[in-house]
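Data first, discussion second: the structure below is written as structure tokens.
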Amino acid sequence: MAISLTGKLVITFVTLAVIGGMTALIVLVVNESSEEPVTTPTTTSTQAPPTDPDVLHVGVGIADMTGPCVEITFMGYAELGQSGQGIHLRQFARAFIFVKGDTRIVLVTAEILAVGFSVRRAVVQNLQERYGDMYSLRNVIIMGTHTHSGPGGHLVDFLLDVSILGFSRETYDAYVNGITNSIINAHNNVWPARLVFGRTRIANGQMNRSPYSYEQNPPEERARYETNYDDELTQVRILKKNGDLLGVMNWFSVHATSMNMSNHLVSSDNLGYAALKLEATLNPSRPIGRYQPNIVAGFFASSIGDVSPNTRGARCEFSGDECDNQFRLCALFERCFSTGPGGDMFESTRIIGERIYQGALEVLSSPGEELGEELAVVHQFLDMPQQTAPRYDPISRSFSTNETVEGCVPALGYSFASGTTDGANILNITQGTLGGNPLLDALGGALAPASAADVACHHPKPILLATGRANFPIPWHSRILSLSLIYLGGFVVAGIPGEPTTMAGRRIKDVVGDTLIQNGVEPRVVVSALTNEYVHYVATFEEYQVQRYEAASTLFGPHTLEIMLHKLQQFTLAALQGVSVPPGPEPVDHKNSTISIILPVVMDSAPLGTDFGDVIEQPPATVRRGETVSAVFVGANPRNDLFQESSYLEVQRFELGQWVTIATDSDWDTM
């Protein structure tokens, strides 16, 4: 199997079959220095008080959702050879429940690429078995952080799972169980609370990877902003009535792709690092071994569509020349991809994660603005090819009543096959492709033929795959998406089921913000990407015209964003006025019709002459700070037990006559 960028892989955790058994390599990096912990008031009581219907209550919870860490292909880069070989960072789900009177809202950030309707539906079913109709598809809103280093096979739509070799029941169950448990933990940890809003800017935390597309937006619109990416970190902190910190939610626009295509270790990437670091700071006395911090710190992806953490930019693999897979190409079989800012992907993950963590800590240390206690959640399923909306004018920031636009049946353009500079493609298929290719047209037409209406609707996108027309063995893409809006006392979370580009996110903030202003509410708005489902990208109409990767991956045609903008304007009014919207047509869950060629664990036994647990290579007796410690022992296949809420390893230190656990496989210092 072809593995990309193997020269960049510096530290590995490899599980190899040895005479029918498995050998595990454990790596521990000993810190150079210890930071002084930040003292934060914490509550010793674990018993939440009963709720008062006239008072805002908030619950926080966290749960391990780590999937199978070996042999299952990662979801994100569509690299068939990128299957798991161990753990860099465990995956966690962090849940926040808001309750007042009869209104209840669940907001979850899950460390996966995206959630998918089937996973969310299963989570809701689990909750309804426990709590009746308290939780539903309307008020349970789940976001993915978009890490590209988690096992896939859970999204069910055929095109989204085909690169994983089909549906993975192990991954699916792990994610459903972890997300469910995080919500249960939050449900059992609800307190009278108040909310405080704040924001800051983070320098050197990202770059725009498609500046040519961004430049297509009107100059009058671009002139309103200093950068071609959104560098604002938005935060809502949750305080108990006595002032103790209960939880914190942060939104930032960056792809969780610091870990590149050569990575084979499950990792929550840069946002995961920021969450772990902030929770370690806020919970200085948390017990090691079972990761259950009292204060939960969630990080959510925002307008990430054209934003990369790889701040050195894209260069050709061998020549080192600058490239963009459109105007500046590499030689044939020489890949174009981005790196940085660190010397390897682990260092880059830490650097970007550290900058995000520092920004969150800065806001947390500032006074902030008190939010109100009003709650509302608006959710609707949209059959996108049936949707119409008035055209949006980004210069006047208004909708035209004289022109109507419509959605299209899902389809992917040619430049979808080019990938992005956060990944790589060995053939250097170019971005910005506006014309067809007879051979690819024939192949695409045989797999998923587009109708004449599809071609006209998606223009100028040349359709590579009309995925909305393909239904074998199950639909390749659903026509129905989930759109949501949450109102938290004057703060609005616009939930987008894909990856909005920077300008798409800015227009969402404009439309929702202007609606708030017109109704006497200060415009505090954040865009939350990867919400409830995955529908690829959301580009602006102008960006769509030049068909770089993000536009070619905008499934529902050039007016996708305008339809969402119009709906979000209606949702904002509904939230403010306390009215409901129709639920819309619920998608069909095809989980039980999926196919898979993922092999099970065929045999799991210790090598000849050994037993499970036998140490093959002992760590040194004495180490210094900064050194790397490794141990090799006979281990079983991790797919046989995912060890959720546990650990495959413990690092212990001999202190005062006894061995004390100082790290597990959920810590940054272990691999």
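The values are calculated or read from the model by the stated rules, or taken from the named source; none is laboratory data. As the structure is a prediction and not an experimental result, all values here were calculated from the model. Cβ: placed from backbone, ideal geometry, glycine included. Neighbour counts: every protein chain shown. Calculation scope for accessible area: heavy atoms of the full protein, side chains included, ligands and nucleic acids excluded. Shrake-Rupley method; radii C 1.70, N 1.55, O 1.52, S 1.80 Å.
Annotation: M603 fulfils all but one of (1) open to solvent by 80 Å² or more (accessible area, probe 1.4 Å); (2) touching a Pro at 6+ places or on another chain (Cβ under 9 Å); the unmet one is (2).
With respect to being within 30 Å of P394 (Cα to Cα), of a type outside the set (F, W, Y) and open to solvent by 10 Å² or more (accessible area, probe 1.4 Å), E232 fits the description. Confirm whether G153 is open to solvent by less than 30 Å² (accessible area, probe 1.4 Å) and either at pLDDT below 95 or under 19 Å from the mean Cα position of the chain (by Cα) (or both). The answer is yes for G153. Scanning region 306-319 for residues that are open to solvent by less than 30 Å² (accessible area, probe 1.4 Å) and not hydrophobic (A, V, I, L, M, F, W, C) yields a total of 5. For region 619-633, filtered to residues that are of a type in the set (S, T, N, Q) and surrounded by fewer than 14 Cβ atoms within 10 Å (Cβ to Cβ), the residue that is farthest from the chain's Cα centre (by Cα) is T622. When L608, L642 are checked against the criterion of being assigned to a loop (DSSP other than H, G, I, E, B) and surrounded by 15 or more Cβ atoms within 10 Å (Cβ to Cβ), a single residue qualifies: L642.
Name the residue, out of W668, W659, that is outside any strand (DSSP E or B) and within 23 Å of Y291 (Cα to Cα). After ruling out the rest, the residue left standing is W668. Output yes when any residue across region 333-348 is buried (at least 22 other Cβ atoms within 10 Å of the Cβ), in contact with an Asp or Glu (Cβ under 7 Å, 6 or more places away or on another chain) and of a type in the set (D, E, K, R), and no when none is. Within region 333-348 (the criterion being buried (at least 22 other Cβ atoms within 10 Å of the Cβ), in contact with an Asp or Glu (Cβ under 7 Å, 6 or more places away or on another chain) and of a type in the set (D, E, K, R)), the answer is yes, since at least one residue qualifies. Of the residues that make up region 255-269, is at least one open to solvent by less than 10 Å² (accessible area, probe 1.4 Å), of a type in the set (D, E, K, R) and not in a loop (DSSP other than H, G, I, E, B)? Yes: one or more hits. N294 meets each of the listed conditions (1) assigned to a loop (DSSP other than H, G, I, E, B); (2) open to solvent by less than 50 Å² (accessible area, probe 1.4 Å) apart from (2). Considering only residues in region 437-488 that are small (G, A, S) and open to solvent by less than 10 Å² (accessible area, probe 1.4 Å), the one that is farthest from G59 (Cα to Cα) turns out to be G444. If you check V527 against the conditions, is it in a helix (DSSP H, G or I), touching a strand residue (DSSP E or B) at 6+ places or on another chain (Cβ under 9 Å) and under 22 Å from A223 (Cα atoms)? Spelling it out, it is not the case that V527 is in a helix (DSSP H, G or I), touching a strand residue (DSSP E or B) at 6+ places or on another chain (Cβ under 9 Å) and under 22 Å from A223 (Cα atoms). Determine whether region 649-658 contains at least one residue that is touching a Gly at 6+ places or on another chain (Cβ under 8 Å) and in contact (Cβ under 8 Å) with a residue 40 or more places away in the chain. Scanning region 649-658, I find at least one residue that is touching a Gly at 6+ places or on another chain (Cβ under 8 Å) and in contact (Cβ under 8 Å) with a residue 40 or more places away in the chain, so the answer is yes. Taken together, the criteria exclude I616 from residues that are open to solvent by 40 Å² or more (accessible area, probe 1.4 Å), under 37 Å from the mean Cα position of the chain (by Cα) and modelled with pLDDT of 90 or more.
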